[in-house]
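A.B. asks: Would you mind keeping the following structure in view while I ask a few things?
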Amino acid sequence: MDDDRPSRFRDATEDRTTAEQIPDTPQTRAPAYRLAFADPDFLLRDELRPVRLQLELLKPEMILEERSIRSTIVMFGGARIPRPEDSKNAATKTLSDLSRFYDQALEFSRLMTARSIESYGRDFVIATGGGPGVMEAGNRGASEVGGTSIGLNIVLPHEQAPNEYVTPGLCFNFHYFAIRKMHFLMRARAICCFPGGFGTLDEMFEALTLIQTDRMNRMPFLLFGEAFWRSIINWEALADAGTISPEDLELFQFVETAEEAVAIIDAWYAPDP
């Protein structure tokens with residue numbers, strides 16, 4: 001007799017439940033008897049790394065598909081950038097001065113999330129690394145205007161938890177940096193880089209490399225804080241040395257304010273007249 005199950009085969013969840021209720025014998029206690037997909041020790045073996053990579057790629061992708069999220073606005077930036085009200089306690093004067101970008105990230109997220117809400121949360125959804133600093137500002141801005149946002153967190157040696165503003169059902173945790181960076185870029189329609197450290201630089205240069213080599217479509221690529229970015233990277237020296245082409249300097253733009261960034265994104269995606 002037909003039923004509503006999508007498959008004629010027994011559901012894996014049912015078998016996992018049944019396996020937990022089997023008689024306790026030397027045979028059933030042996031690790032070899034565990035269902036492979038329900039055996040954490042087996043899944044964590046070195047030989048299973050390709051499977052774990054695939055799972056880490058699939059889980060967020062399937063959830064984002066289920067939520068009908070089509071495109072994102074990616075916000076990269078430093079975890080150490082303080083809130084302006086906490087800037088007096090910053091470790092350095094430079095960090096204290098950079099606290100203004102927390103507010104710019106907050107306002108940028110508010111403005112872009114307002115556009116996302118117009119598409120019922122399917123397009124231009126804010127995506128951050130889910131941590132503190134600039135990432136917190138991005139998720140917070142979306143939350144404050146009643147929208148959703150994505151947090152792509154990662155397990156680090158020191159204790160870390162996602163910030164409180166990430167939409168809970170869109171907060172993901174990663175083991176592999178490479179898969180995390182793929183998820184940042186798979187739906188990206190704009191990339192915004194705020195001041196940050198090694199992690200921000202890594203994310204920024206990987207995205208620029210993909211665009212430079214035509215592995216990813218061009219899109220608004222905005223660097224907040226021209227003085228900061230020019231002080232740490234001599235962009236023109238790369239072109240003068242010939243290690244990049246002069247036209248590669250046109251792959252990104254410097255901006256100072258949220259309003260300026262939003263205007264560039266709006267112009268980029270404005271319908272043709």
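A.B. asks: Among the candidates Gly146, Gly129, single out the residue that is touching a strand residue (DSSP E or B) at 6+ places or on another chain (Cβ under 8 Å) and either farther than 13 Å from Ile73 by Cβ or buried (at least 21 other Cβ atoms within 10 Å of the Cβ) (or both).
C.D. replies: That would be Gly129, the only listed residue that is touching a strand residue (DSSP E or B) at 6+ places or on another chain (Cβ under 8 Å) and either farther than 13 Å from Ile73 by Cβ or buried (at least 21 other Cβ atoms within 10 Å of the Cβ) (or both).
A.B. asks: Is it the case, given these coordinates, that Pro60 is under 25 Å from Leu152 (Cβ atoms), out of contact with any Ser or Thr (no Cβ under 9 Å at 6 or more places or on another chain) and either part of a helix (DSSP H, G or I) or not β-branched (Val, Ile, Thr) (or both)?
C.D. replies: yes
A.B. asks: Pairs under 6 Å by beta carbon, first residue of a type in the set (Phe, Trp, Tyr) in region 241-265, partner not in a loop (DSSP other than H, G, I, E, B), six or more apart or different chains?
C.D. replies: Phe252/Phe221; Phe252/Leu223; Phe254/Leu223; Phe254/Glu226
A.B. asks: Check Arg8 against each of (1) among the basic types (Lys, Arg); (2) part of a loop (DSSP other than H, G, I, E, B); (3) in contact (Cβ under 8 Å) with a residue 12 or more places away in the chain and name the one condition it does not meet.
C.D. replies: Here Arg8 meets the rest and fails (3).
A.B. asks: Quick check: anything in region 231-238 among the aliphatic types (A, V, I, L, M), farther than 14 Å from Phe108 by Cβ and either within 24 Å of the chain's Cα centre (by Cα) or not in a helix (DSSP H, G or I) (or both)?
C.D. replies: yes
A.B. asks: Also: Restricting to region 65-105, name every residue that is in a helix (DSSP H, G or I), of a type in the set (A, V, I, L, M, F, W, C) and farther than 21 Å from Val145 by Cα.
C.D. replies: The answer is Leu95, Leu98.
A.B. asks: Something else about it: Have a look at Arg70, Arg110, Arg122 and point out the one that is in contact with an Asp or Glu (Cβ under 8 Å, 6 or more places away or on another chain), modelled with pLDDT of 95 or more and surrounded by fewer than 17 Cβ atoms within 10 Å (Cβ to Cβ).
C.D. replies: Arg70
A.B. asks: Examine region 166-182 for a residue that is without any contact (Cβ under 8 Å) to a residue 60 or more places away in the chain, of a type outside the set (A, V, I, L, M), within 16 Å of Ile73 (Cα to Cα) and not in a helix (DSSP H, G or I), and state whether such a residue exists.
C.D. replies: yes
The values are calculated or read from the model by the stated rules, or taken from the named source; none is laboratory data. Computed from a prediction, not measured in an experiment: that's the story for all the values here. Reconstructed Cβ throughout: ideal geometry from the backbone, glycine too, with neighbour counts over all protein chains shown.
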